[in-house]
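The values are calculated or read from the model by the stated rules, or taken from the named source; none is laboratory data. In this text the structure is predicted, and so the values were computed from the model without any measurement. Backbone-built Cβ (ideal geometry, glycine too); neighbour counts: all protein chains shown. With ligands, DNA and RNA removed, areas are computed over all heavy atoms of the protein, side chains included. Shrake-Rupley method; radii C 1.70, N 1.55, O 1.52, S 1.80 Å.
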Amino acid sequence: MIEDIGSEIEAAMKEADENAVELAIERTITETLLENPRTESVEDFSFSWKGDSVKVVFWVHGIEQEQFPLAIIVKADQA
């Protein structure tokens with residue numbers, strides 16, 4: 001699964017509308033991070049669109065109570 005994240009994000013960016021893109025990105029990131037046994041949950045996604053790029057911010061919660069935010073920027077032309 002982890003090795004497929006690039007192709008899954010690429011496919012997500014080809015969805016029909018922004019809402020579908022966001023759902024696909026959220027699912028891909030969550031499933032990928034949950035592969036790590038130290039990840040308890042991935043939550044609180046927010047999306048900021050600028051043209052054909054989207055900034056995704058979310059929180060990762062570890063099994064030992066650590067929490068931290070992560071952010072990525074996905075560009076349609078690079079996906």
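Here is how the numbers come out for the structure above:
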{"item": "Nearest-10 value in Å² for the accessible area of Leu23, using the 1.4 Å probe", "result": "110 Å²"}
{"item": "Ranked order, Thr28, Thr39 - accessible area, probe 1.4 Å, largest first", "result": "Thr39, Thr28"}
{"item": "Cα-centre dipole for segment 36-79 with unit charges at Cβ (Lys and Arg positive, Asp and Glu negative), debye to 20", "result": "220 debye"}
{"item": "Rough spin-label spacing in nm, given labels placed 7 Å along Cα→Cβ, for Ala11 and Ile73", "result": "2.7 nm"}
{"item": "Label-to-label distance, nm, for residues given as Val57 and Ala20 (7 Å Cα→Cβ offset)", "result": "2.8 nm"}
{"item": "Low-density loop positions, chymotrypsin sites (Phe, Trp or Tyr not before Pro), segment 48-79 - DSSP coil, at most 13 other Cβ in 10 Å", "result": "none"}
{"item": "Segment 17-58, dipole about Cα centre (Lys/Arg Cβ +1, Asp/Glu Cβ -1), debye to the nearest 20", "result": "160 debye"}
